[in-house]
Amino acid sequence: MLTAYATILIGLVILVWSADRFVIGAAATARRLGMSPLLVGLTIVSIGTSAPEMFVSAMASFDNAGNLAIGNALGSNITNIALVLGITALVSPIPLQKKLLKKELPLLILISIIGGLVLADLELNWIDGAILIAALVFSLYLMFQDSEESGEPIVDEEEAEAIENTSLKSALFWLFAGLTALMVSSKMLVWGATEVATAFGVSDLVIGLTIVAIGTSLPELAASVASALKGHHDIAIGNVIGSNMFNLLAVMPIPGLVAVTAVEPMALYRDYSVMMALTFALLILFLISYRKGTLGRMSGSVLTAAYAGYLITLFYMTA
């Protein structure tokens, strides 16, 4: 049992580190091969924020633990809204951007509804996966059009500088080293998580919703809190919305594309419902706080308390 815990911890540390290296390597390689900064930011960097979830879901699916992958996608979205945004708002009020209310938030709600529709029959298959991937392509197109019109950068200054200053040789090294480390650490995390699940008699879904979801959301949490402490926290909500979109459209399809996966009923009736409730809660908090211009500490307290309540509910339902 101790080995399983150690494997989870080591796997998470390597996963977080390798995801960052992989994104920098892939983005810098694309830039050296002539891809525009806008397209690099929109595709590689944006999707790369969900790299931990994607690799963990792939490994779980190949190990016949498809519900761990589904729990990872739904749990990461719950964690991003309630824990990441909640703690970030507690650290420092988050400025609200008007365009998020007009475009990104409605798009996230639409994507979340599509996610619920593909789960409605309690089965994920290749058709469901294809629907979600098609929605991903369409969403990327919409975001590219919006970004092209506004001329807004997709990545922050530090990340953009790291991408531009990385040589092709270094970029290729980190691309393959990061990819290898992602695969190994994902396998370690899935193995450790399934061992813990078996030992405690809980389902793969619950482990995916808790240990794995929190672990794979650590990069977003660390980045958001660090940005808030530096005073560059205005991108926190945008990052969470973008990450949640990719979790549903790029992470959740994986089990269905690998094999027909029977979805645990609680994933739909409990966890998806919580995710949708939190997504609408974010919209309501945005509307309430919009005139003030910031998502303040009161909103942060509400979101963090909601996450604590969700974890307590999970604990009592599986005890």
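Every read-out reported here was derived from the displayed coordinates using simple, explicitly stated rules and does not represent laboratory data. Note that the structure is a prediction, hence the values are computed from the model and not measured. Heads up, the Cβs are rebuilt from the backbone with ideal geometry, glycines too, and the neighbour counts pull from every protein chain shown.
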Largest-first semi-axes in Å of the equivalent ellipsoid built from the Cα gyration tensor of region 2-318 are 27, 25, 19
As straight-line cross-link partners of Lys292, the qualifying lysines (C-alpha separation under 22 Å, not fewer than 8 residues apart within one chain) are Lys98, Lys99, Lys102, Lys103, Lys230
Sorted on mean Cβ neighbours within 10 Å (highest first), peptides 16-26, 272-282, 125-135, 165-175 come out as 16-26, 272-282, 125-135, 165-175
Note on the chain: helices (DSSP H) long enough, at least 30 Å by alpha carbon along their axis, and hydrophobic enough, mean Kyte-Doolittle at least 0.0, are 2-32, 126-150, 168-200, 297-318
GNM of the chain, Cα pairs under 10 angstrom: of Leu33, Leu108, Leu303, the biggest fluctuation goes to Leu33
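Highest mean first, how do 69-76, 309-316, 192-199 rank when packing is the count of other Cβ atoms within 10 Å averaged over residues?
69-76, 192-199, 309-316
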Helix-only [θ] at 222 nm, the chain, -39500 (n - 2.57) per DSSP H run of 4+, per residue, nearest 500, equals -23000 deg cm²/dmol
Answer in debye to the nearest 20: the dipole magnitude of region 2-318 about its Cα centre, from +1 Lys/Arg and -1 Asp/Glu charges placed on Cβ, is 500 debye
FRET efficiency (Ser167, Ile109; Cβ distance; R0 51 Å; to 0.05) is 0.75
